[in-house]
Amino acid sequence: MLDIAIIFVAISLCIALVLNLWRLLVGPHIVDRILALDTMYINSIALILLHGMYNRTSLYFEAALLIAMLGFVSSVAFAKYLLRGDIIE
């Protein structure tokens with residue numbers, strides 16, 4: 001039963017990733033594109049965690065943690081670039 005639920009959630013997350021990609025490519029403003037990219041990071045983390053749960057291994061949890069850190073740093077860098085025009089002062 002858990003395997004069926006994991007597959008259903010994985011399909012839902014793949015649909016969400018496709019919709020986020022659409023918003024990333026067509027977004028009317030740069031802020032919408034940055035938020036779509038940040039949401040794609042979150043959805044990819046969830047997808048990797050589901051894959052780890054499905055395979056019953058903890059190796060994928062470390063990969064998800066690395067992607068979470070990269071997503072946070074890139075979101076902060078984009079926001080700082082939008083506010084000030086440069087990243088490093």
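Residue-wise test of (1) among the polar types (S, T, N, Q); (2) more than 22 Å from I11 (Cβ to Cβ); (3) surrounded by fewer than 16 Cβ atoms within 10 Å (Cβ to Cβ).
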position	(1), (2), (3)
S44	yes, no, no
I48	no, no, no
R56	no, no, yes
L65	no, yes, yes
L70	no, yes, yes
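Does Y41 fit the bill of being on the phi < 0 side of the Ramachandran plot, over 15 Å from the mean Cα position of the chain (by Cα) and hydroxyl-bearing (S, T, Y)?
Numbers: on the phi < 0 side of the Ramachandran plot: yes; over 15 Å from the mean Cα position of the chain (by Cα): no; hydroxyl-bearing (S, T, Y): yes.
For Y41, the condition - on the phi < 0 side of the Ramachandran plot, over 15 Å from the mean Cα position of the chain (by Cα) and hydroxyl-bearing (S, T, Y) - is not met.
Quick one: would you say I7 is more than 30 Å from L83 (Cα to Cα) and among the aliphatic types (A, V, I, L, M)? Working first, answer last.
On the way: more than 30 Å from L83 (Cα to Cα): yes; among the aliphatic types (A, V, I, L, M): yes.
Yes, satisfied.
For segment 1-21: of the residues being under 17 Å from the mean Cα position of the chain (by Cα) and touching a residue at least 12 places away in the same chain (Cβ under 8 Å), which is surrounded by the most Cβ atoms within 10 Å (Cβ to Cβ)?
Of all residues in segment 1-21, those under 17 Å from the mean Cα position of the chain (by Cα) come to 9-21.
If we keep only those that are touching a residue at least 12 places away in the same chain (Cβ under 8 Å) as well, we get 9-10, 13-14, 16-17, 20-21.
Working: V9: 14, A10: 16, L13: 18, C14: 12, A16: 16, L17: 16, N20: 21, L21: 13.
Looking at the filtered set, the residue picked out is N20.
May I ask you to say which residue of V26, V18 is at pLDDT 95 or above and within 27 Å of L82 (Cβ to Cβ)? Before you say what the answer is, go through the steps one by one.
Working: V26 fails: at pLDDT 95 or above.
Sole residue among the options that is at pLDDT 95 or above and within 27 Å of L82 (Cβ to Cβ): V18.
Within segment 14-67, work out how many residues are of a type outside the set (A, V, I, L, M, F, W, C) and either more than 25 Å from I4 (Cα to Cα) or part of a loop (DSSP other than H, G, I, E, B) (or both).
Pass one, segment 14-67, residues of a type outside the set (A, V, I, L, M, F, W, C): 20, 23, 27-29, 32-33, 38-39, 41, 43-44, 51-52, 54-58, 60, 62.
Of the ones still in play, those that are also either more than 25 Å from I4 (Cα to Cα) or part of a loop (DSSP other than H, G, I, E, B) (or both) are 23, 27-29, 32-33, 38, 56-58.
So the count comes out to 10.
The values are calculated or read from the model by the stated rules, or taken from the named source; none is laboratory data. Model, not experiment: these values are computed from the prediction. Glycine also receives a Cβ, built like all others from the backbone with ideal geometry; neighbour counts cover every protein chain displayed.
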